[in-house]
Every structure is written in structure tokens, then in C-alpha cells.
1. Somewhere in the range 43-51, is a residue over 30 Å from residue 193 (Cα atoms) and in contact with a helix residue (DSSP H, G or I) (Cβ under 9 Å, 6 or more places away or on another chain)?
2. For the range 167-218: of the residues being more than 16 Å from the chain's Cα centre (by Cα) and among the β-branched types (Val, Ile, Thr), which is nearest to residue 52 (Cα to Cα)?
3. From the list 79, 14, which residue is in contact with a Ser or Thr (Cβ under 7 Å, 6 or more places away or on another chain), modelled with pLDDT under 95 and part of a loop (DSSP other than H, G, I, E, B)?
4. Taking the condition touching a strand residue (DSSP E or B) at 6+ places or on another chain (Cβ under 7 Å), among the basic types (Lys, Arg) and under 15 Å from residue 93 (Cβ atoms), does residue 127 pass?
5. Go through 151, 191 for me and flag whichever is over 22 Å from residue 104 (Cα atoms), surrounded by fewer than 18 Cβ atoms within 10 Å (Cβ to Cβ) and among the hydroxyl-bearing types (Ser, Thr, Tyr).
Amino acid sequence: MGIWLVVCSPSTMNTNDQISYLALGDSYTIGESVGDDERYPVQLTEALRSRGIDMLDPVVIATTGWTTLDLKSAMDNANLEGRTFDLVSLLIGVNDQYQGKIFEEYGPNFRMLLRSAIALAGGNPEKVFVISIPDYAFTPFGQQRNTEKITRELNAYNATNKLIADQYNVSYFDITPISRLGLEDPTLVATDGLHPSAEMYKRWVQSLIDDVYKKLTR
């Protein structure tokens, strides 16, 4: 249950056209059960560097087990006021579902987080993107539970976060179909039997790299 909370200081902000990136989320962003360089924010950063983008190391605010309200609290305590980033990603909600939180509260909580993400991108929704929640029903861990219920509920969560992303004209990347390959291709699941492997994160990055690159070069 690790945390990788990096709060940017003036030395990590935009200088000499270097691109700053803030990744917000939970275990899927912190990269539970994979190496530091295998987390999707790091893989995305390296992919952008390979295309000639001068990326700073990503700033990540994420911890395994965080709900939407946990992430909001962490952001409030991260001394981010007045700071902006060239790129901000948001992936949150699986723990709201897993912990049995009231579903009707997810939409308002997610909206609040997305508004904060846009503010941290200097008020520009073009610099923000949302990633859908993976479906852990398609993992060995998930197979021990009510898989139909997990998938049904996560479909509802993802319909909600996509609707809100669309309302704010924020890019939305649906990686959930990739996560549903976890049973037919075990290499996509980490050794803990639940979280994505480095290979799955690689596929996420491959699915969104072209659009994210365009955000930074248009």
C-alpha cells in the first residue's frame, strides 16, 4: 500500500519550455505491484520524450485504496495552490465502487475533481484527460467475487465519468476493453493477481499517446 506523492516546487515548474505533467488517481496511477518506471505516467512520459517532447518527470498524487474523496483531501493538502501544469490526467473511482460507496455521490465528487484538474491545467480543458476505470472482474482476484456485479457497477461509474468529461470538453480514453483481456492474457495482470502489469500499462499508453502528443504540439 504505497504512496508516491510528489508536490512540485518552483524548480519543477515550467522552465525553458519543459513540459510538466500531473497524474491524479489511485493504485492504477501509482502502479501498485509494478516497478517505478513501469507506472503508466512514467511510461507515458518516456513515450513523449521519445517523440521529442522535453518532459519533466511526472508529478504523481496517488495511493492504493484512494476514493474520490481521499484524492480530493490529498490534493487539498499538497500545496498546489497557484501552480499549473501543461498536462493533467485523472483516473479515479474503482475504490468508490469496491468499498461500496453511495453511487450517486460519485458524479458530484468526480466533477469536483475534474474541475480542480482543469484549474491545475491553467483553466484549459485541452490540457486535461480522463482515463476510464479498469474492470477488475477480469483478474484472478475479481474472479473470486461477483463478476457480473463488478462489471455492471463499473460500467455505470465509467458512463458517469465519461459524461462529465464530455461536459467539460475533456479528452476521455477508454482503456476498460484492454483491462478485460486480463484473463485471456495473464501477462496483462501483475503478480498480485489484481492490478495491471507493466505490459497492460504499455498498451494503455499506446492507445492514447497519439492524442496526448497532439495536445502538446498543436
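1. For the range 43-51, residues over 30 Å from residue 193 (Cα atoms) and in contact with a helix residue (DSSP H, G or I) (Cβ under 9 Å, 6 or more places away or on another chain): present.
2. The selected residue is 217.
3. Of 79, 14, the one residue that is in contact with a Ser or Thr (Cβ under 7 Å, 6 or more places away or on another chain), modelled with pLDDT under 95 and part of a loop (DSSP other than H, G, I, E, B) is 14.
4. Here the answer is no, as residue 127 does not meet what is asked.
5. Among 151, 191, only 191 is over 22 Å from residue 104 (Cα atoms), surrounded by fewer than 18 Cβ atoms within 10 Å (Cβ to Cβ) and among the hydroxyl-bearing types (Ser, Thr, Tyr).
Let's see how each residue does on (1) at pLDDT 95 or above; (2) out of contact with any helix residue (DSSP H, G or I) (no Cβ under 6 Å at 6 or more places or on another chain); (3) assigned to a loop (DSSP other than H, G, I, E, B):
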site: 8; (1), (2), (3): no, yes, yes
site: 41; (1), (2), (3): yes, yes, no
site: 60; (1), (2), (3): yes, no, no
site: 92; (1), (2), (3): yes, no, yes
site: 105; (1), (2), (3): yes, yes, no
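The values are calculated or read from the model by the stated rules, or taken from the named source; none is laboratory data. Fair warning: this is a prediction, and the values are worked out from it, not measured in the lab. No Cβ is skipped: glycine too gets one built from the backbone with ideal geometry, and neighbour counts run over all protein chains shown.
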